[in-house]
Structure formats: C-alpha cells, structure tokens
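Heads up, the thing below is written out as structure tokens.
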Amino acid sequence: MDTPAYHRDHYGANSRKLTQLFLSGFVATLVMIALGYDLPLLGVQGVDYAALLGAVFHGKNPPDIYSSIWWLGFSVTFLVGTVAFPVLYDYLIDRRVLPNIPRLKGALWGVVLWVLTEIVVKPLAGMGVFSFQAAQPFAVSVVTLFTLLMYGVVLEAMTRVPLVHEMRLESGSRAG
C-alpha cells in the first residue's frame with residue numbers, strides 16, 4: 001500500500017492546514033489594519049486597532065502612538081488576527097456553525113467579529129457598547145464593520161489559495 005504524499009513530507013496534513021490558516025490570517029490582518037489607517041485619506045474616520053486594544057491595557061485611555069502600550073495593542077492585534085481568529089473560524093466551519101459557502105462564510109465571520117468587537121472590546125477600551133461613547137458612534141461602528149468584513153472576506157479567500165509546499169507535494173507524489 002502506497003503512503004500518501006503528506007505522510008512522506010515533513011509537513012503533516014494538520015501542519016499544512018495551520019500554515020494555510022496562519023498565512024491567511026496574517027494577510028487578512030494586514031488588509032484590516034491598512035484599511036483602518038488609510039480610510040482617513042478618503043475623508044472617512046479610520047480605526048486604530050493598536051490604540052483600541054492598547055486602551056484595554058491602559059485603563060481605557062488610548063495610548064500615544066508608538067508607545068509601549070500602543071505596540072502591545074499592535075502585537076495583540078496581529079497575534080489574534082493571525083492565529084486565534086483563523087483557528088476559531090475553521091473550527092466554526094468544521095462544526096457547521098458558519099455555512100461552508102464561499103464568500104458568505106467570510107462575510108458572516110466578519111460580522112461575528114464586529115459584534116464581538118462592539119459588545120466586548122470597545123466597552124473594555126472605554127468606547128461603550130457599539131462605540132456609544134465615541135464622538136461619532138455611528139461612523140466609528142460602520143468603519144469597524146467595514147474593516148472586519150474585509151478581514152473576513154480576505155481570510156476566506158486566502159484559505160482557498162494553494163500554498164507552495166502543497167504544490168511541491170503534488171509534484172513530488174508524481175515522481176514517487
């Protein structure tokens with residue numbers, strides 16, 4: 001009986017899946033953060049996720065940009081967006097909590113993250129539920145929804161892109 005290609009390679013099936021999820025989460029996080037910072041260029045209020053999460057650790061006070069607390073918020077944003085959210089996303093699809101329909105599941109995941117951000121993170125950061133204590137609560141909430149929708153859509157799209165080592169495995173299995 002011939003051993004499948006993924007058993008002969010140093011990447012296991014689960015390692016490939018995690019690599020794919022983490023890479024997808026990293027790219028989606030980059031897009032989310034870039035949108036948050038670039039929206040003011042279009043005349044729309046942006047979202048500083050590093051300051052938002054930094055405020056959670058800074059007594060509900062937004063930290064100064066590039067301060068140690070701001071960098072902590074930035075690091076947490078990348079860690080959660082790259083590792084935790086993609087794994088939870090995959091788990092919810094596997095458990096059929098999210099529908100396994102391309103594009104829809106990413107958008108729904110973005111909405112789930114938005115609701116969690118608005119009812120958990122923003123109150124912890126001193127902004128109130130659904131950004132009620134912000135200067136422009138509706139605008140802040142809509143921009144957050146937009147950036148998290150884009151995170152979910154990009155995450156979902158990236159999980160369907162084959163990785164380089166998967167292509168290498170396919171070519172290696174033909175030779176063996």
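Points to keep in mind about this one:
- Residue within the stretch 93-102 that is of a type in the set (Lys, Arg) and either on the phi > 0 side of the Ramachandran plot or within 15 Å of the chain's Cα centre (by Cα) (or both) present: yes
- Selection within the stretch 36-93 - small (Gly, Ala, Ser) and either in contact with a helix residue (DSSP H, G or I) (Cβ under 7 Å, 6 or more places away or on another chain) or within 22 Å of Phe22 (Cα to Cα) (or both): Gly36, Gly46, Ala50, Ala51, Gly54, Gly73, Ser75, Gly81, Ala84
- Of the residues making up the stretch 100-123, just one is surrounded by 14 or more Cβ atoms within 10 Å (Cβ to Cβ) and either of a type in the set (S, T, N, Q) or in a loop (DSSP other than H, G, I, E, B) (or both), namely Thr117.
- Residue match in the stretch 41-53 (condition: among the polar types (S, T, N, Q) and in contact (Cβ under 8 Å) with a residue 60 or more places away in the chain): yes
- Flag for Leu79 being in contact with a His (Cβ under 9 Å, 6 or more places away or on another chain) and modelled with pLDDT of 95 or more: no
- Figure legend. Inter-residue proximity from the stretch 68-82: first residues free of Cβ contacts under 8 Å to residues at least 24 places away in the same chain, second residues surrounded by fewer than 17 Cβ atoms within 10 Å (Cβ to Cβ) and outside any helix (DSSP H, G or I), beta-carbon distance below 7 Å, spacing 6+ or different chains. Indicated pairs: Trp70/Asp64.
- Scanning the stretch 106-159 for residues that are on the phi > 0 side of the Ramachandran plot and of a type in the set (Ser, Thr, Tyr) gives a single hit, Ser131.
- Taking every residue in the stretch 13-36 that is free of Cβ contacts under 8 Å to residues at least 12 places away in the same chain and pairing it with any residue that is among the hydroxyl-bearing types (Ser, Thr, Tyr) and crowded, with 16+ Cβ neighbours inside 10 Å, at least 6 positions away or on another chain, the pairs with Cβ-Cβ distances below 6 Å are Ala13/Tyr6.
- The set of residues in the stretch 61-99 being assigned to a helix (DSSP H, G or I) and of a type in the set (S, T, N, Q) consists of Ser68, Ser75, Thr77, Thr82.
- For the stretch 13-25, the criterion of being modelled with pLDDT of 85 or more, touching a helix residue (DSSP H, G or I) at 6+ places or on another chain (Cβ under 8 Å), within 22 Å of Ile65 (Cα to Cα) and surrounded by 20 or more Cβ atoms within 10 Å (Cβ to Cβ) is met by no residue.
The values are calculated or read from the model by the stated rules, or taken from the named source; none is laboratory data. All values reported here derive from a predicted model rather than from experimental measurement. As a convention, Cβ positions derive from the backbone with ideal geometry for all residues, glycine included, and neighbour counts pool all protein chains shown.
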